[in-house]
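Engineer: Dumping the structure here so I can ask a few things about it.
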Amino acid sequence: MTTLTDCSLTAVPSQIDCDICIVGSGFGGATAARILAVAGRDVVVLEEGGDFTGKSLTQRDAAMYDQLYVQRGGATTQDMGISLLAGRVLGGGGVINACDVVPAEDAIWRMWQKRFGLEEFSPEAMAPFARQALADLGARPIREEQINRNNAILRQGAAALGWRGEVMQHNRADHCKGLGTCLVGCPLDAKQNARITLIPKAIGAGARVLCRARAVRIEAGNSEQKRVQCRSLDRRGYHEQQAFEVRAKIVILAANPLGTVPLLLRSGLGNGHVGRSLSLQPQVPILALFEQPVDAFHGIPQSYAVTQFATCDEARGHGGFRIEGIMGTPGIVGSLVPQAGVAGKELMTQLRNIAASLLLLPDESVGRIALGGAGQAVVRYDLTAEWRQRARQAIRTAARAYFAAGAKTVVLPTVPPKMWTCEADLRQVDALSLAPATLPLLSAHQQGGVRMAASEKDGAADPTGRVFGTRDVYVMDSSGFPTTASSHTMAPILAVAHRQAARLAGRSKN
Ligand SMILES: Cc1cc2nc3c(=O)[nH]c(=O)nc-3n(C[C@H](O)[C@H](O)[C@H](O)COP(=O)(O)OP(=O)(O)OC[C@H]3O[C@@H](n4cnc5c(N)ncnc54)[C@H](O)[C@@H]3O)c2cc1C
Ligand code: SF4
């Protein structure tokens, strides 16, 4: 076996032995793989997605959704109220994300420390890991000339109303050409994601990485030697093929809450907290029509955020909301336009004149992942009354920013859609029910499900990420987050994975 093996193309031995088996190759898994391989550990990484870089990232919505997203982009909560977006590809969500780097604030580390007993997560203790996370990402501010018209319009509206905002920092290399298709992968490999940066380093240090390799169950999770039951997948990742087993002393789960939690549940591992305390951070899309072309699909999709209404303190964590300019590919926008038939087509013919934002509203960890009959994740999530009220406020606020920037119509893609032409129309916002599936909510920042806490009565994993009731089965992705860490997840995921993996690397081999 070479160090990067596509199991759809190469026969896999029926048994693979290693020191540490890591499930998932996103920022969490790849960080752990690199640190532990560099420390001399024998590491095997399992990733069920395929390997896509450069020209294989074709910028075609349908093909890329099919290959790069969990459930081909069609995953939702059980009531179909929230679309669950996550990566299913070597390198994970970073291959398809918008590159915004927003580290966790000190108040969050402090809250985790005080509320959940994560003593070693003080801001001071986390600072070196947070710095390493930013260095891995190559995070830096976006240059003024890289802010596209879509984001500039939002900034203009906010400035006219005197609201505070920020130009984001990103993990893009200099050769980013602003092609605008980040959400279906970067054909220039300009995003500094795990596939481009961390995985080659892990392989360079001796890690064996298997793609199109699905972990289906962990056996003997309480014993010294664990057996991870796996299946290779076919070339497109549709069907399971060959069964094989990975034997390891340490198993690290970094498969995103949507993958980590079902794997634990299928394996019968962990306590009653597994699957609970899930945060989805639902996001609300809002569109605005302008007389002049916006051409929002040109340039870096997301670069400016209105931060005036976001709050964060160590008692309550994140609150309020952020408004972030963003544009997707035509397929994504088309899926957010609620009109059917001719009306929908007509709105899409105005794509050049559409500006768009997402309203990011942090949430309480009120979601839950359970197992469906076929062993798949079933995600239950009820919006709280407080969240809905905040969402109404965020919708009204974003609409005002667009009117201040000169929008002729603000479109909220409810069913049927709201088309507001002046501020007086915003009175309708109070009457929005936000009942399931009446507005296309999105979740791209799933967190929790295997909450870390000092005591087994408060969580599913201890402060090192070890799942309670197991011997050396760890979580090193956002599953372990006790609450939502930041408005964007990759920087905190990297920081926490750095901490946990460094701790394991420092432990003697036996
Ligand atoms: C469209 C989109 C935009 C986003 N934008 C931003 C942004 O701008 N900034 C930001 O900070 N965050 C953003 N995020 C979130 C961020 O990208 C993710 O939180 C982060 O990448 C998750 O990293 P991870 O390592 O925890 O897991 P993931 O990257 O989700 O990786 C998990 C991997 O595990 C694999 N897997 C799952 N189950 C199994 C199994 N049983 N066997 C083998 N492999 C398995 C999956 O295929 C996947 O590749 C965005 C996410 C999306 C989807
Ligand atoms: S905007 Fe930059 S990072 Fe995004 S796809 Fe285009 S070139 Fe790649």
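Engineer: Do we find that Arg212 is in the same structural domain as Ala491 (by TED's automatic domain parsing), away from ligand 2 (no atom under 16 Å from the Cβ) and either closer than 21 Å to Gln302 by Cα or touching a Ser or Thr at 6+ places or on another chain (Cβ under 9 Å) (or both) in this structure?
Structural biologist: Yes; evaluated as a whole, the condition is true for this residue.
Engineer: Tally time: how many residues in the range 484-510 are among the β-branched types (Val, Ile, Thr) and not in a loop (DSSP other than H, G, I, E, B)?
Structural biologist: Here the count works out to 2.
Engineer: Further question: Please work out if Asn222 is within 16 Å of ligand 2 (Cβ to nearest atom), assigned to a loop (DSSP other than H, G, I, E, B) and of a type in the set (S, T, N, Q).
Structural biologist: no
Engineer: Suppose the filter is in a helix (DSSP H, G or I), within 16 Å of ligand 2 (Cβ to nearest atom) and in contact (Cβ under 8 Å) with a residue 40 or more places away in the chain; does Asn150 pass it?
Structural biologist: It is true that Asn150 is in a helix (DSSP H, G or I), within 16 Å of ligand 2 (Cβ to nearest atom) and in contact (Cβ under 8 Å) with a residue 40 or more places away in the chain.
Engineer: I would also like to ask the following. Hey, does the range 86-94 have a residue that's touching a strand residue (DSSP E or B) at 6+ places or on another chain (Cβ under 8 Å), within 11 Å of ligand 1 (Cβ to nearest atom), under 21 Å from Lys201 (Cβ atoms) and part of a loop (DSSP other than H, G, I, E, B)?
Structural biologist: The answer is yes, given that some residue of the range 86-94 is touching a strand residue (DSSP E or B) at 6+ places or on another chain (Cβ under 8 Å), within 11 Å of ligand 1 (Cβ to nearest atom), under 21 Å from Lys201 (Cβ atoms) and part of a loop (DSSP other than H, G, I, E, B).
Engineer: Now for a different question. Suppose we filter Gln169, Gln113 for residues that are more than 16 Å from ligand 1 (Cβ to nearest atom), crowded, with 18+ Cβ neighbours inside 10 Å and either modelled with pLDDT of 95 or more or of a type in the set (Val, Ile, Thr) (or both); which single one remains?
Structural biologist: Sole residue among the options that is more than 16 Å from ligand 1 (Cβ to nearest atom), crowded, with 18+ Cβ neighbours inside 10 Å and either modelled with pLDDT of 95 or more or of a type in the set (Val, Ile, Thr) (or both): Gln113.
Engineer: Tell me the strands (runs of 3 or more DSSP E) entirely within the range 393-460 that contain at least 1 residues that are more than 30 Å from Tyr474 (Cα to Cα) and within 22 Å of the chain's Cα centre (by Cα).
Structural biologist: 441-443
Engineer: Among the residues of the range 428-440, are any in contact with a strand residue (DSSP E or B) (Cβ under 9 Å, 6 or more places away or on another chain), closer than 30 Å to Trp109 by Cβ and within 16 Å of ligand 1 (Cβ to nearest atom)?
Structural biologist: Looking for residues that are in contact with a strand residue (DSSP E or B) (Cβ under 9 Å, 6 or more places away or on another chain), closer than 30 Å to Trp109 by Cβ and within 16 Å of ligand 1 (Cβ to nearest atom), one finds none in the range 428-440, hence no.
Engineer: Which of the residues spanning the range 179-209 are in contact with a Gly (Cβ under 7 Å, 6 or more places away or on another chain) and within 10 Å of ligand 2 (Cβ to nearest atom)?
Structural biologist: Hits for the range 179-209 are Gly180, Leu183, Pro187, Asp189, Lys191, Gln192, Asn193.
The values are calculated or read from the model by the stated rules, or taken from the named source; none is laboratory data. Since we're looking at a predicted model, the values are computed, not measured. Heads up, the Cβs are rebuilt from the backbone with ideal geometry, glycines too, and the neighbour counts pull from every protein chain shown.
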